[in-house]
Each structure stands twice: as structure tokens, then as C-alpha cells.
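S.K.: Below is a structure I'd like to ask you about.
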Amino acid sequence: MMDFSLTKEQEALQQEAREFGIKEILPVVHYFDKHDQMPVYLIRKAHAAGLSNLTIEEKYGGKGFGLMESAIVVEEIAAASPAMGTSIFGNTLGMEPLMMSDNEGAKDHYLPIFVKEPKICSFATSEPMMGSDVAGIRCKATKDGEDYILDGTKYWVTNGGYADYASIFATVDPKMRHKGICAFFVDMHQDGVITGEPIPKMGHKVSNTVAVKFDSYRVPADHVLAEPGKGFILGMRTFSRTRPIIASFATGAARSAMEFAIDYAKKRRAFGKKLEEFQNTQFRIAEMYQKIETMRLLMYKAAWEADSGMDPTVSASLTKFYSTEKAQEVVMSALQLFGGFGYTDMFPIEQILRDIRVLTIYEGTSEVQRIVVGRHAMNAYKPAMPPLDELVNLRADDPKKAAEEGMPEQKVWRCRICGHMHYGDEPPDECPVCRFPSSAFKNVWPKE
């Protein structure tokens, strides 16, 4: 039996995250957005409040929550600021390859540190010349004894300017594409790591994003997360678990835009009455609400699949591109309701719009998600309906009699070209509609 209600523990966690977002993030996010500065102290506060690193297993000292709990918390954080949601959840993204790897020694050493201390962990697959094309990585990993030497530049590294550690994906040979990709857990404070200036962005200004250059950086053998050929798989498995959380960002941000729009509609007057009294406004709000509810259901389904040990790849991609695109529609609709005020810096809608624009781009563009879902639908999905050339339309001489007694016995042939039905023991010499020969007909009734 399906149960769409949250547990008592999940409700308490949701309330804690909501209060943190409203009390700690919302009052300061506008200021730091204007100054293009990440309030790193909020990451430390989130850690102290127990709202980050939620999925670290209990055996490492963590809470052992699932992706569902992460989705619930992130929605509330993102409702206050999707950009801060990115920075706070960035730690989980950075640690995910470590947690999913077979490197038990590294897990035993580092995961308890993340539980006890507000250390920051980044994730890096993207480079200046590649983004969603993960197999196109060019950052070089050269074997040196049991160790590896990293040389190259990673780009779009969230929290990279503040990171203590990072999961880095590189390749032993760019020509090998996905077969050459490997992954490492690196100490960002060691020699050979050079961090660039913050990348100036349209939105997500309170989330630090930089380039990281590796110059003969030595990775010890015990810091290898995936050997060549296994790194690509680890990266894809990571995205399958983190893409539902991007939908959480979108859901939280869209929900806030809707709530602000409702509040504005209840107070703003035009043409002698409040905006909420216009049917157009009610329809607009109803469509926002519908999209947000659908976004959340898809997000929860993907998170549930991951927590249940199922492969969430398709659901993760589906919720990622659906939710991030619908969030833009919701926020644009909210801005339209606000009119000119929505376009100003004095109301929150314009910042929400700037912050969510990246959601259809990072962690795999909407186009990439469509490829994943499209391939599944075309190749792996099992249809319930019969093939078109097996469809049959039975007939009877007396419809009233047939309605009482059922259809009479008959033999039916279907033209596989145009769909014409022929009734008789043998197919016609030629289809009377498309004029293809009798070989175009298929016996579709009675069913064998």
C-alpha cells in the first residue's frame, strides 16, 4: 500500500530545516548575493544544526539518513536560497563518490571527520572544454608506481575556493573516453593544487564556484576511488543519487516564488479589487501549485527508488529535467503576477529567477536527461499495448445482438502499411486503400 505521508522523524527534520532556512539564510542571502560572496559561516552552522552530510552511515558516526531525508531538508534550504542549498548539499555531492567507492580505508578515515568537523568537500568532473560529456575528460592521471600524478584543470567546482577535500575525476588517456576515467579523493591543501578566482555568474552568487588546476599533484594509492575504466561508472552512479536533489532545489525555489506570489496577490489591488479576486490570478496560482506538487512527487519517487536499492537512473533524470524546467515556468509566472515590482531588486523573485536558471544546466543538462529517458522509453520500457500491426477491429452484422451475445467468430487481416481491415478466410489480392499486394496483410484474428 502506498503511503505519501512523512514519518514523525521526517516531519521534525523538515521543520528544523525550514526554521534554519527562514531564520539563518533568508535574512542575509540578499546582502551576500549583492556582494558576490558565499557566507561560509552558514555551512558551518548547517553542520552544527545537523542539516548537512545526512547520508553518512551510522557506522562512521553519521545519521544514516536516506536520499528521501536529504530531499526533504534540501527543499526547505532551497526555499530560502537555492544557491545556499547548492553549497550546503555540495558536501554530500563531494562525498558521494567516496561513500560509493570500494575504498574502505579512505571511508574509515575521512567520513568520521566530516561528521565531527565542518569540513568542506567538493566534486569535480567538469572542465573548461567539457561539461555534460563526462567521457570527454582531459585532466590527466599518470601512473607513478602505485600512486597517480594529476595534471590539468577542473571547472565549475562548487565550494572549490573553500574546499578541504574533493572527489576528482581524471583520465589516463583522453582518447580512451569513458574507459580511461578514474577517480580520486584529494586533499585540497596539499602542494600542486591551484584555485582560481570565483567565476562571475548570473546567479548562484552566494555559492562559490571556481576552477581548480592540478600541477603534478601526487595522489597516494590509498586515495584512489576508482581505477581506470571504473571512474565513469562511479560518476554516473553518483549523478543518479544526486540529480533528485537538484529537483529539490527546484521545488523549494518554485514553492517560495508561489508563496510570495500568493501573498502579493492577497494585498495588491488593481481595477478596484485585490489581485486574488481575478480568475486569471487564481488560474495562475493553481497552475503553479500543480507543477510544484508534481515536481515533489517525482523527486520523492526517485529518492525512494535510491533508498530502496533500486536503480534510480531514469527517475533521477526524469525528475531532474522536469522539475528544473517547471521551476522556471513557476518563477516566471510569479514575476508576471508581481508586474514591474517583480523585476526589481526590492522583491525576491528576480534573485530566485537568477538562481534557478543554472538548474537545467549543471549535473547534466536537460538535453542529457532527455537522452537518458528517451533511450529508456525506446529500448528498455516494456509496452503493455500490442504492436500497431496486430491491432484488430472486430465487427458484426447486428450490433444489438453482438452487444448481448458477444462478437461472432471471424477471421481478420490487417494491412501493415495503411491499417485497412479485411474480413475473410484469405487476404485480398491487393489492399483497396493503399494498393499494396496481399503480402502486406497480417492475420490478426483469431489470436493464436
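S.K.: Quick one: of the DSSP bridges fully inside the chain, what percent are antiparallel, nearest 5? Present the calculation step by step, with values, prior to reporting the outcome.
M.R.: Details: 36 of 41 bridges.
In the chain, approximately 90 percent of DSSP beta bridges are antiparallel ones.
S.K.: Compute a Gaussian network model of the chain, connecting alpha carbons closer than 10 Å, and tell me which residue from ILE77, ILE168, ILE149 fluctuates the most.
M.R.: ILE149
S.K.: When semi-axes √(5λ) of the Cα gyration tensor in Å is calculated directly from the model, which label among (1) 32, 30, 23; (2) 53, 27, 17; (3) 48, 33, 20 fits?
M.R.: After the calculation, the listed value that fits is (3).
S.K.: Would you mind counting up the charge near PHE185? Only other residues with Cβ under 15 Å from its Cβ, with Lys and Arg at +1 and Asp and Glu at -1. Provide the component values of the computation, followed by the final result.
M.R.: Values: positive: LYS107, LYS119, LYS154, ARG218, LYS230; negative: GLU96, ASP102, GLU104, ASP108, ASP147, ASP164, ASP187, ASP222, GLU227.
After counting each charged neighbour, the total is -4.
S.K.: Under 22 Å Cα to Cα from LYS301, which lysines show up? Leave out anything in the same chain fewer than 8 places away.
M.R.: LYS8, LYS63, LYS291, LYS320, LYS326, LYS382
S.K.: Run through the DSSP bridge list for the range 98-203 and note the antiparallel percent, rounded to the nearest 5. Mind dumping the intermediate values first?
M.R.: Numbers: 13 of 18 bridges.
If we restrict to bridges inside the range 98-203, about 70 percent are antiparallel.
S.K.: Placing +1 on the Cβ of each Lys and Arg and -1 on the Cβ of each Asp and Glu in the range 337-448, which of MET407, ALA384, VAL372 has its Cα farthest towards the positive end of the resulting dipole?
M.R.: Of the options given, the answer is VAL372.
S.K.: Would you mind ranking ARG177, ARG284 so that the residue whose beta carbon has the fewest other beta carbons within 10 Å leads the list? Walk me through the numbers on the way to the answer.
M.R.: On the way: ARG177 15, ARG284 20.
Going from sparsest to densest Cβ surroundings: ARG177, ARG284.
S.K.: Something else about it: Which angle from 0 to 90°, rounded to the nearest 10, does the C-alpha axis of helix 82-100 make with the longest principal axis of the chain?
M.R.: 90 degrees
S.K.: Moving on to the next point. Ordered by packing density, taken as the mean number of other Cβ atoms within 10 Å over each peptide's residues, highest first, how do 360-366, 296-302 rank?
M.R.: Working: 360-366: 19.3, 296-302: 22.3.
Ranked by mean Cβ neighbours within 10 Å, highest first: 296-302, 360-366.
S.K.: Here is a follow-up. For helix 366-375, report the angle its Cα long axis makes with the longest principal axis of the Cα atoms of the chain; keep it between 0 and 90° and round to the nearest 10°.
M.R.: 40 degrees
S.K.: Next up: With springs only between Cα atoms under 10 Å, which of ALA384, ALA316, ALA135 fluctuates most in a Gaussian network model of the chain?
M.R.: ALA384
S.K.: Treating only the Cβ of Lys, Arg, Asp and Glu as charged (+1, +1, -1, -1), what charge dipole size does the range 107-222 show about its Cα centre? Round to the nearest 20 debye. Before the final figure, lay out each step's value.
M.R.: Values: 14 positive and 15 negative charges, 98 e Å.
Magnitude of the dipole: close to 480 debye.
S.K.: What is the magnitude of the charge dipole of the chain about its Cα centre, with +1 placed on the Cβ of each Lys and Arg, -1 on the Cβ of each Asp and Glu, and no other charges, expressed in debye to the nearest 20? Display every interim value, and only then the final one.
M.R.: Numbers: 53 positive and 60 negative charges, 230 e Å.
With Lys and Arg at +1 and Asp and Glu at -1, about 1100 debye.
S.K.: Something else: With everything on Cα atoms, drop me the angle between helix 313-338 and the longest principal axis of the chain, reported from 0 to 90° to the nearest 10.
M.R.: 80 degrees
S.K.: Hey, got the dipole for the range 263-324? About the Cα centre, +1 on K and R Cβ, -1 on D and E Cβ, debye to the nearest 20?
M.R.: On the way: 11 positive and 8 negative charges, 125 e Å.
So the dipole magnitude of the range 263-324 works out to roughly 600 debye.
S.K.: Rank HIS223, ASN103, TRP445 by how far each Cα sits towards the positive end of the charge dipole of the chain (+1 on Lys, Arg Cβ; -1 on Asp, Glu Cβ) and give me just the farthest.
M.R.: With unit charges placed on the Cβ atoms, the residue in question is TRP445.
S.K.: Could you work out which residue, out of VAL73, VAL172, VAL28, moves most in a Gaussian network model of the chain, that is, has the largest mean-square fluctuation with Cα springs under 10 Å?
M.R.: Judging by the Gaussian network model, the answer is VAL28.
S.K.: Let me ask something else. Taking the Cα atoms of the range 233-380, what is the range of coordinates along each of the three principal axes, in descending order and whole Å?
M.R.: 59, 27, 26
S.K.: Let me ask you something else. Show that you can apply the helix-only estimate: for the chain, add -39,500 (n - 2.57) for every DSSP H stretch of four or more residues, divide by all residues, and state [θ] at 222 nm to the nearest 500.
M.R.: Details: 12 runs with 194 residues, N = 448.
That comes out to -14500 deg cm²/dmol.
S.K.: With a cap of 11 neighbouring Cβ atoms within 10 Å, and only residues DSSP puts in a loop, list the chymotrypsin sites (Phe, Trp or Tyr not before Pro) found in the range 1-98. Before the final figure, lay out each step's value.
M.R.: Details: sites: PHE4, PHE20, TYR31, PHE32, TYR41, TYR60, PHE65, PHE89; in loops: PHE4, PHE65.
Passing both the DSSP loop test and the Cβ count: PHE4.
S.K.: Sort 273-283, 156-166 by the packing proxy (mean of other Cβ within 10 Å over each peptide's residues), most packed first.
M.R.: The most tightly packed comes first, giving 156-166, 273-283.
S.K.: Next question, about the same structure. With unit charges on the beta carbon (Lys/Arg positive, Asp/Glu negative), name the residue among TRP156, SER167, GLY145 whose Cα is farthest towards the positive pole of the charge dipole of the range 138-184.
M.R.: TRP156
Readers should treat all values here as calculations from the given coordinates under stated rules, not as data from a laboratory. None of the values given here were measured: they were computed from a predicted structure. Cβ sites come from the backbone with ideal geometry, for glycine too, and all protein chains shown count toward neighbours.
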